[in-house]
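Every read-out reported here was derived from the displayed coordinates using simple, explicitly stated rules and does not represent laboratory data. Small disclaimer: the values here were computed from a predicted structure and weren't measured. Quick reminder, even Gly has a Cβ in these numbers, built from the backbone with ideal geometry, and neighbours come from all protein chains shown.
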Amino acid sequence: MAILKVATLGNPVLRKQAEPLDDADIRSTDTQRLINDMHETLAEYNGVGLAAPQVHVPKQLCLVMIPRSPRERASETVLTLLNPEIVEASDEMEEDWEGCLSIPDLRGLVPRHSRIRVRAKDRTGRERIYEAEGYTARVMQHEMDHLRGIVFLERMTNFHSLTFREEFQRFWAESSEE
Ligand code: NI
């Protein structure tokens, strides 16, 4: 296992449309090793999600952490999603804070669908359907955006809330439910 280097904003790999993986790709040693390394990288950086383009691999693979609550990471599980697609999304949207390992130290309020249904393959190649809401739905939408070359800044409706982490603690943390 290895901790991978995370690409930051400006690196063209973050702007590419990621390629889908076929079943042989998914089962290959290279992909299975990449998945293991991504899990280790996510844990190392204390992230809640990670997409393959963020570690310089433009393939449709991402990890999404499912904590019992955003504060309770001890009981987390981390989903591995391959070729994920949103098959249903609520009209209802909600706004909450996001950050990104590829955009270090910046945070902003981002509107996302409150509930989504996602079809994806797991790391064994089996097709699965996931229903997610709230925080988990948010992380899934953020990570799936990475697979299309989109970062959270583009999902913000305005930049009034865009803030450095330090200023977030000073001026915004009280208004956050995190
Ligand atoms: Ni991100």
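I need the shape label for the stretch 1-64. Rule: rounded when a/c is under 1.5, else prolate if a/b > b/c, else oblate, with a, b, c from the alpha carbon gyration tensor. Spell out each step's value before the answer.
Values: a/c = 1.95, a/b = 1.12, b/c = 1.74.
In terms of gyration-tensor shape, oblate.
On a 0 to 90° scale, report how tilted helix 134-146 is relative to the longest principal axis of the chain, with both axes built from alpha carbons and the result rounded to the nearest 10.
Approximately 60 degrees, to the nearest 10.
When the chain is modelled as a GNM with alpha-carbon springs shorter than 10 Å, which of 52, 132, 24 fluctuates the most?
Of the options given, 24 has the highest mean-square fluctuation.
Quick check on the exposure proxy: order 39, 56, 113 from fewest to most C-beta atoms within 10 angstrom.
By the 10 Å Cβ count, ascending: 56, 39, 113.
Looking at the stretch 105-178, what % of the alpha carbon pairs are farther apart than 13 Å?
On the way: 1958 of 2701 pairs.
Percent of Cα pairs beyond 13 Å in the stretch 105-178: 72.
What ranking do 66, 26 get, fewest neighbouring Cβ atoms within 10 angstrom at the top? Walk me through the numbers on the way to the answer.
On the way: 66 16, 26 22.
Ordered from fewest to most neighbouring Cβ atoms within 10 Å, 66, 26 come out as 66, 26.
List the extent of the Cα atoms of the stretch 60-160 along each of their three principal axes, largest first, rounded to whole Å.
Computed over the Cα atoms, the extents are 42, 30, 25 Å.
Calculate the radius of gyration of the Cα atoms of the chain to one decimal place, then report Dmax, the largest Cα-Cα distance, as a whole number, both in Å.
That works out to 15.7, 50 Å for Rg and Dmax.
For the chain, find the longest principal axis of its Cα atoms and tell me its angle to the long axis of helix 29-44, 0 to 90°, nearest 10.
Result, in degrees: 20.
Using Cβ contacts closer than 10 Å as the measure, can you line up 97, 172 from fewest to most?
Final ranking by Cβ density, sparse to dense: 172, 97.
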